[in-house]
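Take a look at the structure set out below.
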């Protein structure tokens, strides 16, 4: 008997008990759909977080003043012994052959005023390098230039939110705003970047770094951002920056270099684990669906004892009977798996449409895994009833009514 | 009968016995010697519980004896595996049961195809041969009816077609007229007689002498033993 014949027989048997087959499949459908939905949620969350950090770039080193012993995390206030200065940035730029760009940053909060409107805004003192290193760009006008920095020009570039709050829809380019009481000319508007981890990147004003040092009355940098040209050189780049600064700081390691990627990888591990746990919990419901299949197959074998006897009498071998019932169970679970995949994907799509805030991302591996798992569930839970059917004695089976 | 005895026996039973194990072992069959030749039409007669069903099950390779030897075409059946027995049933035996034993949700044609399915015959060949078998018993006009839409007589004709379809060496009929009205019963016996005339070997199991008389020879069975007709009349009478 060739495999297609077995399929025909299995399909016929399932068709005669439509409602029962559908209900049994429902267990698998729910299981598979749950696996796909929950894994999609986990994966979506991970992608969401990844996206939020994507602006920072995986090839970025962040140098902050002060040394702390524990890894990761920001430096503790008061731990600073030596400041980071523009000289440090200059050395890194000059001798850092692995670096694509070095961007010193001065940070402060300042009141920005335009006419009657004012707003307290994070203000970053930057060099032209900041834009390519941090991968954010002006939408209109120009970013800070080298001559702006050298001449300590009072020019500023507004983030989208700041521009909207101060100027509304009116043109801001070329206008004058007051930052901490000083007059600044607006020479650029940043492109929209949105909210990243609760921090509105568009609610920022950029000014030249030396100008910022004057305004905030400091010669210390908040941080130095370094982009490493080749992603694979991130570790050697970190070591290079360390040795350059070490030398420049009279052999004191009073600074901390953190690697964005290394910090994030532990977070991703947690999110991956979350995905697997969610998938695992959903897989339990798939297992329950499998038990449903086993249950119904046992009933089926009992009901069709006479049929099994007839088939055996006309020459069906135990193997034929075993395969027939195994295939029925597997057809149930595979069909359930297929419907479950569809339900899960449609569900994920519907959630994305109705509640866009919930991150949903259906990973192909989850679809393949859930479907494969459902097929194996059918085989696994189908074996026992099928073996029971195959082991029936033909005479007993024929006598059974 | 004389001409049949000249050839090799198709079925050969020597000292065949069957004991059903249990708390109290039950003897189903004891020391049966029987030869059945190609072209035979044998009736096995006995009251219920006499062991005639046990004998039929053993002849049909549905069961194996616990003692003695049973050979089909010289092949000792006693030592065969369940898989080999299934193959033997498929090739050599056609069953006709009292309660028909058709698959209720299958059409007549598909019921008749069933032995061919397990013989590994392809789809078209199967349909062709099944139709031939239905024609042989004159019920080809019902080929697309579900078997539970057929009358008793029609069902039994389909069952005969199924028994014939794989061209077995032996037709085994167990009380084939037991669930039929007398007209259908007669029609059925006529078909069996006709098939035998065309060369089929038939073993008919019945408790009814009127039916047994259609056969060329009759053996009697009581308490699991074959007895002479005189002894049978005495014990029954």
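The values are calculated or read from the model by the stated rules, or taken from the named source; none is laboratory data. As the structure is a computational prediction, the values presented were derived from the model and not from experiment. Don't worry about glycine lacking a Cβ; one is built from the backbone with ideal geometry, like all the others, and counts go over all protein chains shown.
So which residues in the stretch B:155-198 are more than 14 Å from every other protein chain (Cβ to nearest Cβ), in a helix (DSSP H, G or I) and within 23 Å of residue B:35 (Cβ to Cβ), if there are any at all?
B:192, B:193, B:195, B:196, B:197
Out of (1) more than 13 Å from every other protein chain (Cβ to nearest Cβ); (2) part of a helix (DSSP H, G or I); (3) in contact (Cβ under 8 Å) with a residue 24 or more places away in the chain, the odd one out for residue A:359 is which?
That leaves (2) as the condition not met.
Among the candidates A:369, A:398, which residue alone is within 14 Å of chain B (Cβ to nearest Cβ) and at pLDDT below 95?
Every option except A:398 fails the conditions.
Restricting attention to the stretch A:367-384, does a residue exist that is assigned by TED's automatic domain parsing to the domain that holds residue A:40, touching a residue at least 60 places away in the same chain (Cβ under 8 Å) and farther than 18 Å from residue A:287 by Cβ?
Within the stretch A:367-384 (the criterion being assigned by TED's automatic domain parsing to the domain that holds residue A:40, touching a residue at least 60 places away in the same chain (Cβ under 8 Å) and farther than 18 Å from residue A:287 by Cβ), the answer is yes, since at least one residue qualifies.
Where residues in the stretch B:41-61 are in contact with a helix residue (DSSP H, G or I) (Cβ under 6 Å, 6 or more places away or on another chain) and within 14 Å of residue B:170 (Cα to Cα), which of them is nearest to the other protein chains (Cβ to nearest Cβ)?
My answer is B:57.
Name every residue in the stretch B:131-154 that is closer than 18 Å to residue B:116 by Cβ and away from chain A (no Cβ under 14 Å), in order of residue number.
B:131, B:132, B:134, B:135, B:136, B:137, B:139, B:140, B:143, B:144
For the stretch B:40-60, name all the residues that are surrounded by fewer than 18 Cβ atoms within 10 Å (Cβ to Cβ) and either at positive phi or without any contact (Cβ under 8 Å) to a residue 12 or more places away in the chain (or both).
B:49
Out of B:88, B:116, which single residue is at the interface with chain A (Cβ under 10 Å from one of its Cβ atoms) and without any contact (Cβ under 8 Å) to a residue 40 or more places away in the chain?
B:88
Tally the residues that are within 29 Å of the chain's Cα centre (by Cα), within 16 Å of residue A:212 (Cβ to Cβ) and in contact (Cβ under 8 Å) with a residue 40 or more places away in the chain, restricting the search to the stretch A:131-161.
The number of residues fulfilling the criteria is 2.
Tell me, please, whether a residue that is under 17 Å from residue A:43 (Cβ atoms), buried (at least 24 other Cβ atoms within 10 Å of the Cβ) and in contact (Cβ under 8 Å) with a residue 24 or more places away in the chain can be found in the stretch A:333-344.
Yes, some residue in the stretch A:333-344 is under 17 Å from residue A:43 (Cβ atoms), buried (at least 24 other Cβ atoms within 10 Å of the Cβ) and in contact (Cβ under 8 Å) with a residue 24 or more places away in the chain.
In this structure, is residue A:303 surrounded by fewer than 18 Cβ atoms within 10 Å (Cβ to Cβ), over 42 Å from the mean Cα position of the chain (by Cα) and under 30 Å from residue A:15 (Cβ atoms)?
Considered against the rule, which asks whether it is surrounded by fewer than 18 Cβ atoms within 10 Å (Cβ to Cβ), over 42 Å from the mean Cα position of the chain (by Cα) and under 30 Å from residue A:15 (Cβ atoms), residue A:303 comes out as yes.
Quick check on the stretch A:372-395: of everything there that is within 11 Å of chain B (Cβ to nearest Cβ) and in a helix (DSSP H, G or I), which residue is surrounded by the most Cβ atoms within 10 Å (Cβ to Cβ)?
Of everything passing the filter in the stretch A:372-395, A:394 is surrounded by the most Cβ atoms within 10 Å (Cβ to Cβ).
Give the residue that is surrounded by the fewest Cβ atoms within 10 Å (Cβ to Cβ), with candidates limited to residues of the stretch B:63-84 that are more than 26 Å from residue B:155 (Cβ to Cβ) and within 10 Å of chain A (Cβ to nearest Cβ).
My answer is B:81.
All but one of (1) surrounded by fewer than 20 Cβ atoms within 10 Å (Cβ to Cβ); (2) within 14 Å of chain A (Cβ to nearest Cβ); (3) within 24 Å of residue B:220 (Cα to Cα) hold for residue B:124; which doesn't?
Of everything listed in (1) surrounded by fewer than 20 Cβ atoms within 10 Å (Cβ to Cβ); (2) within 14 Å of chain A (Cβ to nearest Cβ); (3) within 24 Å of residue B:220 (Cα to Cα), residue B:124 misses just condition (3).
Could you give me the residue pairs with C-beta distances under 9 Å whose first residue belongs to the stretch A:1-22 and is facing another protein chain (nearest Cβ under 9 Å) and on the phi > 0 side of the Ramachandran plot, whose second residue is exposed (fewer than 15 other Cβ atoms within 10 Å of the Cβ) and part of a helix (DSSP H, G or I) wherever it lies, and which are 6+ apart or on separate chains?
none
Is one or more of the residues making up the stretch B:97-114 surrounded by fewer than 23 Cβ atoms within 10 Å (Cβ to Cβ) and assigned to a strand (DSSP E or B)?
Within the stretch B:97-114, one or more residues are surrounded by fewer than 23 Cβ atoms within 10 Å (Cβ to Cβ) and assigned to a strand (DSSP E or B).
Looking at (1) under 22 Å from residue A:89 (Cα atoms); (2) part of a helix (DSSP H, G or I); (3) without any contact (Cβ under 8 Å) to a residue 60 or more places away in the chain; (4) touching a strand residue (DSSP E or B) at 6+ places or on another chain (Cβ under 7 Å), which one does residue A:212 not meet, given that it meets all the others?
(3)
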